[in-house]
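Accompanying notes for the structure given below.
Only the coordinates and a few stated rules stand behind these numbers; no lab work does. All values derive from a computational prediction rather than experimental measurement. So basically every Cβ, Gly included, is an ideal-geometry build from the backbone, and we count neighbours across all protein chains shown.
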Amino acid sequence: MSQATIRIGRDEHVWSFDAQREPVALVHVGDVIEIETWDCFTGQVRSEADTVEKIDLSRVNSATGAIGVRGAEPGDTLSVTLLDIRPGEHGAAMCIPGWGQLIHHVHAPTTRIFHVSDGVVTMNDRVSFPASPMFGVIGVSPESGDISTFLAGRHGGNMDDHMNGIGATVHLPVFQSGAQLAIGDMHAAMGDGEICGTGVEIGGTALIKVDVIKNKCARWPVTETADSFYTHATSPDNIDDALRMACEEASKLLVDEWGFSAEDAFMFLSVAGDLGLAAYFHPSPGCVVARMRVPKLASNPGPFRL
């Protein structure tokens, strides 16, 4: 495992992705960085008595950073490889009034504490399952304005995609000099859709590596794993829009980067790809986050022709 060249603690955090954000640290391309993150509740939830109405919701989804990357300029891609993610020992999930497809079955706000040890998440004396640590929030400063870390968009943000786990590389379009990367909202585990609005929310540490692809970027964040790449798109509340735009982004990369015709891209994604939802805990104030999986083949071995 590579050694970190810089360490950034959880007290260096932001609540939004701001076009005017100044970095707390400047790093070079190729640097390995150790970051510490809060859980999404920023330490407010310590027991099952700490239900949603007892916490300060303005302190949700703190993200460690911002980290400026030397040489990253608008029109480039910031590539963030998640080398390792080490969650702590205790996490929490919640049922939150008004959130999620099954909330009508919930009698009262509820918090459950999960225990994490030796790669296993324990919910209670009957239910345990493998940990699969990932980051819900990863993004850069947007083209303009100030966007809460609770929301997602072209800059990344609260993508809540469990594919953003150990070994993945998240490719983010750069909108501001230095990019101003921030990461948080660690989960020890989270399912597609995140239907109650929480994963196993937990703090911890991670090792990340930053690189820059010059003069090339997708319109939305792209996650790359060993065998696939995943395009994303978001909508405030429209599932059809999010799904369509994730497909559009995958098609655009196949056509622009790998020479597919529009028709071949359409059919290839239908017969070999997978369309799905990363986050859809609606009703809620959060975004719909869709993704399209594109398998890596000799004809399209990655999101970009390098």
Cα gyration tensor category, rounded, prolate or oblate, for the range 7-216 with a/c compared to 1.5: prolate
Of I166, I55, I138, the one that fluctuates the most in a GNM where the chain has Cα springs shorter than 10 Å: I55
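What's the extension gain from S148 to L275 if we count 0.36 nm per residue and subtract their Cα-Cα distance? Don't jump to the answer; show the numbers that get you there.
Values: separation 127, 0.36 × 127 = 45.72 nm, distance 2.65 nm.
Length gained between S148 and L275: 43.1 nm.
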Separation between Cα centres of the range 102-163 and the range 216-288, rounded to whole Å: 21 Å
The range 165-306 shape via C-alpha gyration tensor axes, a/c threshold 1.5: oblate
Inter-probe distance in nm under a simple model that places probes 7 Å from Cα toward Cβ, at T225 and M123: 2.1 nm
Within a Gaussian network of the chain (alpha carbon springs, distance under 10 Å), most fluctuating of M159, M267, M186: M267
For D161, net neighbour charge (Lys/Arg +1, Asp/Glu -1) across residues whose Cβ lies under 10 Å away: -2
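To the nearest 20 Debye, how big is the dipole of the chain about its Cα centre, given +1 on the beta carbon of each Lys and Arg and -1 on that of each Asp and Glu? Display every interim value, and only then the final one.
Numbers: 21 positive and 39 negative charges, 59 e Å.
So the magnitude is around 280 debye.
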Count, lysine Cα pairs under 20 Å in the chain, 8 or more residues apart or across chains: 4
Gyration tensor (alpha-carbon) shape descriptor, the range 133-247, a/c threshold 1.5: rounded
Rounded to 10°, Cα long-axis angle of helix 262-272 versus longest principal axis of the chain: 40 degrees
Angle in degrees between helix 239-258 and the longest Cα principal axis of the chain, rounded to the nearest 10: 40 degrees
Residue-averaged [θ]222 nm for the chain, counting only DSSP H segments that reach four residues, each worth -39500 (n - 2.57): -3500 deg cm²/dmol
